[in-house]
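The values are calculated or read from the model by the stated rules, or taken from the named source; none is laboratory data. It should be emphasised that the depicted structure is a prediction, and the values quoted were computed from it without experimental measurement. Here the Cβ positions follow ideal geometry from the backbone for every residue, glycine too, while neighbour counts run over all protein chains shown.
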Amino acid sequence: MWRYIVQRVLVSIPVVIMVGIITFTLVYVGPGDPAAIIAGDEATPEILEAIREDLGFNRSFPVQMGDWFWKLAHGDLGTSYFSRREITELITPRLQPTLSLGFQVVVLSTLIGISTGMLAAWKAGTRLDRNLMVLAVLGFATPGFWLAFLTIWVFAVNLGWFPVIGYSPIQDGLFSHLHSLFLPVMVNSILASAFISRITRSAMLEVLREDYIRTARAKGASEFSVFLRHAFRPSAIPVATVIGASIAGLATGFVLTETIFAIPGLGRMLVDAIVRRDYPIIQALLMVVAVVLIGVNLIVDILYAYIDPRIRY
Amino acid sequence: MTEALLKVKNLHTEFRTEGGIVKAVDDVSFEVNAGEIFALVGESGCGKSVTALSIMGLIPNPPGEITSGSIEFDGVDLLSLPSREMRAIRGSRIGMIFQEPMSSLNPVLTIESQLAEPLKIHENLSGNVANDRAKELIDMVGIPDSATRMKQYPHELSGGQRQRIMIAMAMACSPQLLIADEATTALDVTIQAQILDLMQDVTSQTGASLLIITHNLGIVARYADRVGVMYAGKLREVSDASDLYAEPHHPYTVGLLQSVPRLDADKGSPLSPIAGEIPDLTDLPEGCAFNPRCEWAVDKCRIEQPTLEETKPGKQVACFEHETVALRV
């Protein structure tokens, strides 16, 4: 198992490099001159040239990219064009909101998704099953930003139960922290759980047709035990896959969520950086996202082996 | 003769399909006596497995349903039992072994936990006691190195070993009736004999009855005391096993026996399969369902359905022309 993990980590290094090359190139060839943005509207050509010289834009493309990778390999994500501060330093305070939001959404959507999916499979063909699945279809057909504005309008503006915008860090108290993140957590969890729920239901129904389920019944096992003990674990593989994929979806979803709910996380930081053409930040954040997703995939693969003993690495 | 352990009377099991209602089991009656080995034989789709699942109360509903009849086990009508009481009988007083050893064990649970499960359910044994019993059961079915096997998963065992585990599981609570539904069909011939011997051994030790569902007449000849021959959902002939081979009274039985390849036949002599094909169960022929394939069929066979009647002690046949058939050789 450890050998497999080390192998996977080594294999992901070229993947990270590829992602790095692609992001660097895309941002490099993208429109807009950062020097012009930094200098403002009244910059003279001389000032622009000085800025370009200062930030190294005059060097050739391979040299710029090589320089970037060299620093990256040493844990240096670069310096923001605007604030002139180290990006690692800028990212640190932004981690907590995004990680907290992500953790809550993953836990909540997994709980909601698996329990409603199992309930629907248990009651397959009944009105309850149909209603749950209609909700699930609505759930993943609903645009996230629309649901976000709707919940803000109903629960924050009209009912006043939650703040319209704003973020309260954990240091200021766990309750106010959870309270400030409640709406974005709910919106993202509802959307992510819809998919998990549908996959759980169909995986369960498929496993329930297996011969070994009939064997369990022939042993005299109760339906409850057939469901939880015999059918759930074999059907957990596709569910784990979907949860992994929904974490990948969250990475992009958070750009929107954090913007709408004004949460000072990595997603908002990325949007701000794109608007300002602060290339080093864009590149650094894309690398962070890539590494996180590679990590999630690795965890899902390791989970497979835990769920199904036939899978060994 | 002792009182029969299992009495199946006028059992009707139907499946609703898109093509119409399939009468998978159509008015089947037979008895299994205590301690005997009874075999149900017939081609695929003749209703023998559905009969077994009906006894176990494991007909998937929908689409299947037992529409009428009774299944009396040790004096109790299983069909009228509430599901909780039926569960208490399944796995404890009636054990069942299935056709596919490869897929009949749960791939994500250890052998130990699967073997100990019926003991925990029915005998309320605690974890450790049940596990010790499970180990004894592995020894009983002749798998070496039981301590290692306990911790293994089904995919680490061979097909024959898995079927031994299935037998151990079905016999865990010493049932009075063991049902083996094509239990050896998927195994190598040499392993088949071992598994059948094992089933015969474990049931004779506890005095349990054994209901073998098979399409293999060789198995019937070697192991069964009595035989029921099924065709298109109905029992066509019930007979002592030895008598079935010596004096088949139903044309279908005659056809089955003739279509068995024989080692002592002349080399190059053709097999003689039964002419025609198994009828579509949603669209059975009028009269006796076997009449289009039957060389003895008369006009009456195409209009009326024969019922199972005793032709001599220990033999029941459903055929209008059984006397002619009996005289054929």
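Annotations
Residues are listed down the side, and each one gets a yes or a no for (1) in a helix (DSSP H, G or I); (2) within 27 Å of residue B:119 (Cα to Cα):
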| site | (1), (2) |
| --- | --- |
| A:234 | yes, yes |
| A:242 | yes, no |
| A:249 | yes, no |
| A:252 | yes, no |
| A:262 | no, no |
| A:269 | yes, no |
| A:272 | yes, no |
| A:289 | yes, no |
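- Screening B:89, B:37, B:94 for residues that are within 14 Å of chain A (Cβ to nearest Cβ), buried (at least 16 other Cβ atoms within 10 Å of the Cβ) and in contact with a Leu (Cβ under 6 Å, 6 or more places away or on another chain) leaves exactly one candidate, B:94.
- In segment B:35-44, of all residues being of a type outside the set (Phe, Trp, Tyr) and modelled with pLDDT of 90 or more, the one that is farthest from residue B:73 (Cα to Cα) corresponds to B:41.
- Candidates in segment A:291-313 are the residues that are within 11 Å of chain B (Cβ to nearest Cβ) and not in a helix (DSSP H, G or I); of these, the one that is surrounded by the fewest Cβ atoms within 10 Å (Cβ to Cβ) is A:312.
- Every test in (1) of a type in the set (Lys, Arg); (2) within 14 Å of chain B (Cβ to nearest Cβ); (3) in contact (Cβ under 8 Å) with a residue 24 or more places away in the chain is passed by residue A:277 save one, and that test is (2).
- Residue in segment B:175-188 that is more than 25 Å from residue B:261 (Cα to Cα), assigned to a loop (DSSP other than H, G, I, E, B) and over 14 Å from the mean Cα position of the chain (by Cα) present: yes
- Yes/no for residue A:189 being surrounded by fewer than 19 Cβ atoms within 10 Å (Cβ to Cβ) and either more than 14 Å from chain B (Cβ to nearest Cβ) or over 30 Å from residue B:120 (Cβ atoms) (or both): no
- Pair list, Cβ < 8 Å and 6+ apart or interchain, from segment A:4-20 residues that are in contact (Cβ under 8 Å) with a residue 12 or more places away in the chain and not assigned by TED's automatic domain parsing to the domain that holds residue A:301 to residues that are charged (D, E, K, R) and assigned to a helix (DSSP H, G or I): A:8/A:301
- Any hit, segment A:255-265, residues being closer than 24 Å to residue A:200 by Cβ and charged (D, E, K, R): no
- Residue within segment A:216-223 that is within 13 Å of another protein chain (Cβ to nearest Cβ), modelled with pLDDT under 90 and either closer than 20 Å to residue A:262 by Cα or not in a loop (DSSP other than H, G, I, E, B) (or both) present: yes
Quick grid of which residues meet (1) assigned to a loop (DSSP other than H, G, I, E, B); (2) surrounded by fewer than 18 Cβ atoms within 10 Å (Cβ to Cβ); (3) over 16 Å from the mean Cα position of the chain (by Cα); (4) not assigned by TED's automatic domain parsing to the domain that holds residue B:218:
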residue	(1), (2), (3), (4)
B:16	no, yes, yes, no
B:23	no, no, yes, no
B:27	no, no, yes, no
B:30	no, no, no, no
B:44	yes, yes, no, no
B:49	no, no, no, no
B:53	no, no, no, no
B:60	yes, yes, yes, no
B:66	no, no, yes, no
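- Boolean, residue A:242 is on the phi < 0 side of the Ramachandran plot, of a type outside the set (Gly, Ala, Ser) and over 21 Å from the mean Cα position of the chain (by Cα): no
- For the criterion of being crowded, with 17+ Cβ neighbours inside 10 Å, part of a loop (DSSP other than H, G, I, E, B) and hydrophobic (A, V, I, L, M, F, W, C), residue B:301 fails.
- Some residue of segment B:285-293 being out of contact with any Lys or Arg (no Cβ under 9 Å at 6 or more places or on another chain) and modelled with pLDDT of 85 or more: yes
- Unique match (being surrounded by fewer than 21 Cβ atoms within 10 Å (Cβ to Cβ), out of contact with any Cys (no Cβ under 9 Å at 6 or more places or on another chain), outside the structural domain of residue B:59 (by TED's automatic domain parsing) and at pLDDT 90 or above) among B:125, B:109: B:109
- Residues that are among the aliphatic types (A, V, I, L, M) and surrounded by 13 or more Cβ atoms within 10 Å (Cβ to Cβ) within segment A:141-153 comprise A:147, A:148, A:152, listed in sequence order.
Conditions (1) closer than 30 Å to residue B:18 by Cβ; (2) assigned to a strand (DSSP E or B); (3) not assigned by TED's automatic domain parsing to the domain that holds residue B:36, marked per residue:
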{"residue": "B:230", "(1), (2), (3)": "yes, yes, no"}
{"residue": "B:238", "(1), (2), (3)": "no, yes, no"}
{"residue": "B:243", "(1), (2), (3)": "no, no, no"}
{"residue": "B:253", "(1), (2), (3)": "no, no, no"}
{"residue": "B:275", "(1), (2), (3)": "yes, no, no"}
{"residue": "B:278", "(1), (2), (3)": "yes, no, no"}
{"residue": "B:289", "(1), (2), (3)": "yes, no, no"}
{"residue": "B:305", "(1), (2), (3)": "yes, no, no"}
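- Segment A:185-226, residues that are without any contact (Cβ under 8 Å) to a residue 40 or more places away in the chain and of a type in the set (Phe, Trp, Tyr): A:212, A:224
Here is a yes/no grid of residues against (1) touching a residue at least 40 places away in the same chain (Cβ under 8 Å); (2) within 14 Å of chain B (Cβ to nearest Cβ):
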{"position": "A:162", "(1), (2)": "no, no"}
{"position": "A:174", "(1), (2)": "no, no"}
{"position": "A:228", "(1), (2)": "no, yes"}
{"position": "A:240", "(1), (2)": "yes, yes"}
{"position": "A:257", "(1), (2)": "yes, no"}
{"position": "A:261", "(1), (2)": "yes, no"}
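- Residue match in segment B:132-155 (condition: touching a helix residue (DSSP H, G or I) at 6+ places or on another chain (Cβ under 6 Å), in a loop (DSSP other than H, G, I, E, B) and within 14 Å of chain A (Cβ to nearest Cβ)): yes
- Flag if residue A:194 is facing chain B (nearest Cβ under 10 Å), touching a Gly at 6+ places or on another chain (Cβ under 8 Å) and not basic (Lys, Arg): no
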